[in-house]
Amino acid sequence: MTTNAESPHPAPGAAVDLVSVRKIYEGRAVLAGASLTVERGETMVILGPSGTGKSVLLRHINGLTKPDSGQVYVCGRDIVPLSEEELVEVRLRVSMLFQGGALFDSMTVFDNVAFPMREHTEMTPKEIKDRVAEKLALVGLPGTQKKMPAELSGGMRKRVALARSIALDPEIILFDEPTTGLDPINSEKINELIDDLNERIKATFVVVTHDIVSARTIADRIAFLHGGTFEFVGTFAEATRSTHPVLSDFFRSHTMPAGAAAAPSETAPLAVSAARPLAKGEPA
Amino acid sequence: MHRPSETTVFYRNLRWLRFVDTFGRRGAGVLDYLGGIAEMTVQAVAAAFRKPLYAQEILHQMDESGVKSLGITNVTALFTGMVLALQTAYSLAAFGGKLFIGRVVSLSLVRELGPVLTALMVGGRVGAGITAELGSMTVTEQVDALRAMAVNPVKRLVTPRLIGVFFMLPILTALADLLGILGGLLIAVTELSISASFYFNSIWNQLRISDIASGLGKSFFFAMEIALIGCYNGLNVRGGAASVGTATTQTVVAASISILVSDFFLTKLFLAL
């Protein structure tokens, strides 16, 4: 759902509501009035080529970056005017999975996952121990508590980071390129994990990616960021049928094998669905 | 009389304007840097008085910056004391310099060389370490992760390091003073045939509490400079691994210079008190 001038803000019941967000870096408008509404409980995938400001947009949702103008409503509250201290409350409800995981490499896996609990709750060591074990099991890494991040593979690190980001049962989770830098098998594992997690913990997911396979597996809806604004918002199936020139180009170049991309066929945008499992929510 | 042409005057003015422009930009850069450090200092000090205390982290930092620096600072002090004794005996031989060895060694160490050399060594070891650690945390988004988890990075990262260095550097300095004096004693006894009791007596008669206080007093300031420059440079790394290296080098240079420059003004200040 794209926002228009008449709809009220914040949109009622929306988890995240971005209204005309503008951000200028070194004279270039990375975000030029981007507006987007994310409903509670849905998985919104923000898609777009690299370097189009997807990650910058994501950082606006938990206040890591402030817009030059526009409003960012999180759970109905505009977080733009809030100070770092006032943002604490927001950030306890909105967690973020960073691109490289951003695990504290001086700490063990256990200490990493326990970190938010120690910082923000009065939990006893026993409760923390149980909760860490529970979260690690949830991401498929039970028994890795004593390992250091350096001993883990890239995919495992991301999963530990995911366990850390769900440590305090957030309402909204932001994913910054969850599959970037992973091999296809690990990417698929992460995608399945995100999809599975979405069903289990009933949180709102906002996922930034340029990985179309990832988008088709996990997305309830897709928002295509181009030129600093959202040029398309809809389901994956709608996106594949879109006539938007850049979006259809993007799909073609990312879903076709290199050789086939040169010779477009009538079914090009949908060619991918024949070879891969159906997109989430897409009818068989 | 020949008058310069209008073109000549124009270019002369242009050069002058360029100079002012460059100078102004540099100045603005320096002011930005100092302002940033000042702002971080206020936040870090204010955070030290708010919960949570991060006691464990502070102890860890004391170990890192204090206990693990003992080797380098002690060796430096010991050999400086030994060299001082040799040089004093040599250069003051004509005036019967041997008799003054205890005084010269102890005074120069306690007032000047102990605090400054220790601070330079710690600045190189600990300051660079802090910048490298915080710098790599910054470029791998660990500092952003702290903020995203609603934890203040200044309180979590800067304050414990500041407290750690602030309390450990004076202790390292006191030990360095002691070892330097012992180094001087070693040379006095073995090379210059002065008795240990004479050496200590001459120190005891000469050295005043104010000498020791001014030396140790300085080291508190040096500690702040090392920790704050190290943390600030680390947290402000932009880019990748190469920037971390540059920032680390910059910390060693900036910390050394600020120690040596502030030493002069602190000496003036303590002499005036």
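Matching residues to (1) away from chain A (no Cβ under 14 Å); (2) touching a Gly at 6+ places or on another chain (Cβ under 9 Å):
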site	(1), (2)
B:Arg103	yes, no
B:Ser106	yes, yes
B:Gly114	yes, yes
B:Ala119	yes, no
B:Ala132	no, yes
B:Arg161	no, yes
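Applying the selection to the range B:84-94, what residues are assigned to a helix (DSSP H, G or I) and either closer than 20 Å to B:Leu185 by Cα or not assigned by TED's automatic domain parsing to the domain that holds B:Pro170 (or both)? Walk me through it before giving the result.
Here is the first cut: in the range B:84-94, the ones assigned to a helix (DSSP H, G or I) are B:84-91, B:93-94.
The answer is B:Leu84, B:Ala85, B:Leu86, B:Gln87, B:Thr88, B:Ala89, B:Tyr90, B:Ser91, B:Ala93.
It is to be established whether one or more residues within the range A:66-83 are under 21 Å from B:Gln142 (Cβ atoms), within 14 Å of another protein chain (Cβ to nearest Cβ), free of Cβ contacts under 8 Å to residues at least 12 places away in the same chain and surrounded by fewer than 23 Cβ atoms within 10 Å (Cβ to Cβ).
There is no residue in the range A:66-83 that is under 21 Å from B:Gln142 (Cβ atoms), within 14 Å of another protein chain (Cβ to nearest Cβ), free of Cβ contacts under 8 Å to residues at least 12 places away in the same chain and surrounded by fewer than 23 Cβ atoms within 10 Å (Cβ to Cβ).
Criterion first (in a helix (DSSP H, G or I) and charged (D, E, K, R)) does B:Arg26 satisfy it? Break it down stepwise before answering.
Details: in a helix (DSSP H, G or I): yes; charged (D, E, K, R): yes.
Spelling it out, B:Arg26 is indeed in a helix (DSSP H, G or I) and charged (D, E, K, R).
Pick out, from the range A:95-202, the helices (runs of 4 or more DSSP H) lying fully within it that include 3 or more residues that are under 14 Å from the mean Cα position of the chain (by Cα) and within 23 Å of B:Thr140 (Cβ to Cβ). I'd like the intermediate steps shown before the answer.
Numbers: elements: A:109-120, A:125-138, A:154-165, A:184-201.
Per the criteria, A:154-165, A:184-201.
Suppose we filter B:Gly81, B:Gly124, B:Gly71, B:Gly114 for residues that are under 27 Å from B:Ala241 (Cβ atoms), under 23 Å from the mean Cα position of the chain (by Cα) and either in a loop (DSSP other than H, G, I, E, B) or among the small types (Gly, Ala, Ser) (or both); which single one remains? Can you show your working first?
Details: B:Gly81 fails: under 27 Å from B:Ala241 (Cβ atoms); B:Gly71 fails: under 27 Å from B:Ala241 (Cβ atoms); B:Gly114 fails: under 27 Å from B:Ala241 (Cβ atoms).
Only one candidate qualifies: B:Gly124.
For the structure I just gave you, tell me whether B:Gln61 is touching a residue at least 60 places away in the same chain (Cβ under 8 Å) and not assigned by TED's automatic domain parsing to the domain that holds B:Met224. Steps first, answer last, please.
Values: touching a residue at least 60 places away in the same chain (Cβ under 8 Å): yes; not assigned by TED's automatic domain parsing to the domain that holds B:Met224: no.
Criteria not met by B:Gln61.
Would you say B:Leu192 is surrounded by fewer than 21 Cβ atoms within 10 Å (Cβ to Cβ), in contact (Cβ under 8 Å) with a residue 24 or more places away in the chain and not in a helix (DSSP H, G or I)?
Values: surrounded by fewer than 21 Cβ atoms within 10 Å (Cβ to Cβ): yes; in contact (Cβ under 8 Å) with a residue 24 or more places away in the chain: yes; not in a helix (DSSP H, G or I): yes.
So B:Leu192 fits the description; yes.
When only residues in the range A:61-79 that are modelled with pLDDT of 90 or more and assigned to a strand (DSSP E or B) count, which is nearest to A:Tyr25 (Cα to Cα)?
That would be A:Ser69.
Could you count how many residues in the range B:155-186 are of a type in the set (A, V, I, L, M), farther than 20 Å from B:Glu112 by Cα and surrounded by 21 or more Cβ atoms within 10 Å (Cβ to Cβ)?
Applying the first criterion (of a type in the set (A, V, I, L, M)) to the range B:155-186 yields B:157-158, B:162-163, B:165, B:168-169, B:171-172, B:174-176, B:178-179, B:181-182, B:185-186.
From what's left, farther than 20 Å from B:Glu112 by Cα: B:157-158, B:162-163, B:186.
Next cut, surrounded by 21 or more Cβ atoms within 10 Å (Cβ to Cβ) only: B:157-158, B:162-163.
So the count comes out to 4.
The values are calculated or read from the model by the stated rules, or taken from the named source; none is laboratory data. Here the structure is a predicted model, which is why all the values come from computation and not from measurement. Note: ideal-geometry Cβ built from the backbone for every residue, glycine included; neighbour counts use all protein chains shown.
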